[in-house]
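The values are calculated or read from the model by the stated rules, or taken from the named source; none is laboratory data. Nothing here was measured: the structure is a model prediction, and the numbers come from that model. A quick note on method: Cβ atoms are made from the backbone with ideal geometry, for glycine too, and the neighbour counts reach across all protein chains shown.
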Amino acid sequence: MRTKIPAPAILTGAPTVALTLKLAPANELLKEFSKQWIFTVAVLFTVAAGINSRGAITMMMDKLIGHPNPNSLATWTVINTK
């Protein structure tokens, strides 16, 4: 999925929108958005977005499966890689 909104903006924007629209009580929203796993996932999404924008994923997949002609050959290569 592509978006023009940077991952850190989504991280800070989601709680802001939820608080502004009063989707839940403020104390509940802040309690849920302050949990450690939320920040861990947010940081991982930010890192993944950076890796993806630099083309590292494409480079790794090219080394893993190369450029097979039919898609079924690509699937077979990934499944049988040991």
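Rundown of residues vs (1) loosely packed, with under 10 Cβ neighbours inside 10 Å; (2) modelled with pLDDT under 80; (3) part of a loop (DSSP other than H, G, I, E, B), yes/no style:
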| site | (1), (2), (3) |
| --- | --- |
| Arg2 | yes, yes, yes |
| Pro8 | no, yes, no |
| Leu11 | no, yes, no |
| Ala14 | no, no, no |
| Asn52 | no, yes, no |
| Ala74 | no, yes, no |
| Thr77 | no, yes, no |
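Being closer than 24 Å to Lys4 by Cα and surrounded by 12 or more Cβ atoms within 10 Å (Cβ to Cβ) is the filter here; which residues of segment 31-40 pass it? Reasoning before the result, please.
Pass one, segment 31-40, residues closer than 24 Å to Lys4 by Cα: 33, 38-40.
Matches in segment 31-40: Phe33, Ile38, Phe39.
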